[in-house]
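Before any comments, here is the structure.
The values are calculated or read from the model by the stated rules, or taken from the named source; none is laboratory data. The structure displayed is predicted, hence computed values, not measured ones. When we count neighbours, we look across all protein chains shown, and the Cβ atoms used for this are built from the backbone with ideal geometry, even at glycine.
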Amino acid sequence: MKDIIQADVPKDLSKIKTKIFFNLTKRQLVCFGCGALIGVPLYFLTRGILPKSLSLLLMIFAMTPFFLLAMYEKNGQPLEVVARNIMDTRFRRAKKRQKAPLQNQ
């Protein structure tokens, strides 16, 4: 008798992301590309002026936000959505009003 190969298929297919190149999504490729476009020229421009280790650290700090945008995800939401929700709840929306204590007259 032939062996039957079985695979579990999730019911919600909207959470599956299409991988394009090197098993990365389109969003990750764009973010990594933007990080490389900023970081690599920055390194080569500052390499002659600053020490190489400091120039390398500057490149790493310049590229880190792009890598975070590409990779960080919480509850299916990317970093900018999570950051916007935090900003909304902390600063933009009105805080819950507290009741003032009653004054005895």
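Among residues of region 71-82 that are without any contact (Cβ under 8 Å) to a residue 12 or more places away in the chain, those with a Cβ under 7 angstrom from a residue that is of a type in the set (Ser, Thr, Tyr), sequence gap 6+ or separate chain, pair up as 79/72. Just wondering, is there one or more residues in region 56-69 that are closer than 18 Å to residue 27 by Cα, touching a Lys or Arg at 6+ places or on another chain (Cβ under 9 Å) and at pLDDT 85 or above? Looking for residues that are closer than 18 Å to residue 27 by Cα, touching a Lys or Arg at 6+ places or on another chain (Cβ under 9 Å) and at pLDDT 85 or above, one finds at least one in region 56-69, hence yes. For region 40-63, taking the residues that are touching a residue at least 12 places away in the same chain (Cβ under 8 Å) and within 17 Å of the chain's Cα centre (by Cα), the one that is nearest to residue 79 (Cα to Cα) is identified as 63. If the condition is being modelled with pLDDT under 75 and either part of a loop (DSSP other than H, G, I, E, B) or within 21 Å of residue 75 (Cβ to Cβ) (or both), then region 18-39 contributes 18, 19, 20, 22, 23.
Restricted to region 2-17, and to residues there that are assigned to a loop (DSSP other than H, G, I, E, B) and under 22 Å from residue 77 (Cα atoms), the residue that is modelled with the lowest pLDDT is 16.
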